[in-house]
Amino acid sequence: MTKKILLMTDLYYPNPSANGICLHQVACSLLQKGYEVHVLCFQVGKNKKKDVFEGINIHRVKPRLFFRIRDKYEKNTESKKNKILYKAILLIHRIKKIMFFPLYPLTSPTANYRYYNEAKKICNYNQINNVLGQYNPIEAAVATLMLKKKYPSLRTILYVVDSFTANVQAKNNVKIKKAGWNWEKRFYINLDMIINMKFLEKHHQAKRYDEFRKKIIYLGIPLVRKIIIKNKDEMKFNKEKINCVYTGTLDKNMRNPKFVCDILSKRNDNINLHFYSRGNCESMLTEFQNKTNNQIQSHGKVSAESSLNAMNESDILISIGNRGTEMVPSKIFEYISFGKPIIHFYKDDNDSSLEYLLKYPLALCIKEDYKNVKNVNKLVSNFIEKNVSKTISFNEIKELFSLNTPDFTSERIDDFLKI
């Protein structure tokens, strides 16, 4: 009898979010273990309602208006109309957060029910009895809870790649932390298994989690894998330069690129710095691009495939640490998978990425400090000169980061579903 499972997330392929990329790696690993895998995700742009990607059955549902407007804006950030629409939807999103604060982080009961209703149809039509909902998004997590209440015999897993109670908002706001715990408690009581991220294990040692210990397991971000570029697209890099690449989200408060740009733009090295990014720092990057005569280049948001191509063509990968959070950027593990030199800029001594990068043989970790610019420049120069052409074999990487492979996560899921 074929084992079947429904996985639920936000944005999936061909234009996935970071969470969607993580889930896809687990989905592919479960597929190799003989599962029939279905994924429910948001439908944005011109994506089909139903599709198949690398053997995974994809089902899409209309998301909140916020996601639709944001997707349109990120495809063309220079459009005045898109800017106005995006600012408007951000304002509406903030108002809805206030209106539905007791249900935080849920802001649209209608969208949530639409997501659940689609999940229910998929389970019934395909006779699926195993469901894994990811958080984020809240829709996937709540749909998992609603499905369990509708079908008590369903095997349910909550896959928490973000956090309800250990994120920046919860740390800075007691009411948000309380609201997050209210959701956690409901999930922990009703669902069969909870997967939390390994880097949040200390957070979950609090006494209130004691009664749920048997349900909780801790796993790493499952992105360490041998990356094969299927559609090679040679990036328009100047091959006479050393091309440094950053990919991922940027944020003025949490992951600000200013220090990196200041340091690398004032150097006399033969360096170009490329940003393939989304977030609220794009205007800052455009200013640096103009000011440095394209030594720093902003490419904006690109597809997951283009992002991998950029990493593959790079000489040095640039990482920027999060401020004030225990959350580890998933992009770190894709960087590591390429086996290339990594320069990581961090702000806090307890930066969440340090644990991983300090054991990676080709990493330089630099604390951002404008009083120490001279020494920073020296460290960067020495590191680049010594390591620019070096790589690490994937076998060595897999041995160092075995807990972060998709197979490790899928094996834990499969072991649970066999019980």
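Miscellaneous remarks
- Region 220-326 shape via C-alpha gyration tensor axes, a/c threshold 1.5: oblate
- Theoretical gain in end-to-end length, Lys49 to Asn129 [0.36 nm per residue, Cα-Cα removed]: 26.6 nm
- Within region 242-399, DSSP assigns beta bridges of which about 5% are antiparallel (rounded to the nearest 5).
- Value of relative contact order over the chain, rounded to a whole percent, pairs C-alpha under 8 Å and six or more apart: 13 percent
- Among 367-374, 172-179, 126-133, 355-362, sorting by the average number of other beta carbon atoms lying within 10 angstrom of each residue, highest first, gives 126-133, 355-362, 172-179, 367-374.
- The DSSP beta bridges internal to the chain are antiparallel in roughly 10% of cases.
- The phi torsions of region 328-343, fed into the Karplus equation with coefficients 6.51, -1.76 and 1.60 and a -60° offset, translate into couplings of 9, x, 5, 4, 3, 7, 6, 3, 4, 4, 6, x, 9, x, 10, 10 Hz, rounded to whole numbers, with Gly and Pro shown as x.
- For Ile392 and Glu74, a Förster radius of 45 Å and the Cβ-Cβ distance give a FRET efficiency of 0.85, rounded to the nearest 0.05.
- Helix axis angle, 109-126 relative to the chain longest principal axis, alpha carbon, degrees: 70 degrees
- Degrees between helix 80-99 axis and first principal axis of the chain (Cα, 0 to 90, nearest 10): 50 degrees
- Relative to its residue count, region 50-184 spans a Cα convex hull of 138 Å³ per residue.
- Cα gyration tensor category, rounded, prolate or oblate, for region 242-399 with a/c compared to 1.5: rounded
- Karplus-derived HN-Hα couplings along region 172-188 (A = 6.51, B = -1.76, C = 1.60, θ = phi - 60°), whole Hz, x at Gly and Pro: 9, 9, 4, 5, 5, 4, 5, 4, x, 5, 4, 5, 3, 4, 5, 5, 5
- Between the alpha-carbon centres of region 285-335 and region 65-112 there is a gap of 25 Å.
- Helix axis angle, 18-32 relative to the chain longest principal axis, alpha carbon, degrees: 60 degrees
- Estimated 222 nm signal from helices in the chain, with DSSP H stretches of n ≥ 4 weighted -39500 (n - 2.57), rounded to 500: -13000 deg cm²/dmol
- Anisotropy class of region 354-409 from Cα gyration tensor, a/c 1.5 cut: oblate
- Counting only Cα atoms, the chain measures 64, 49, 45 Å along its principal axes, largest extent leading.
- Distance between region 211-233 and region 119-184 - C-alpha centres, whole angstrom: 18 Å
Here, each number is a calculation from the coordinates, and none is a lab measurement. Predicted model only: the values in this text are computed from it and were never measured. Note that each Cβ is placed from the backbone with ideal geometry, even for glycine, and that neighbours are counted across all protein chains shown.
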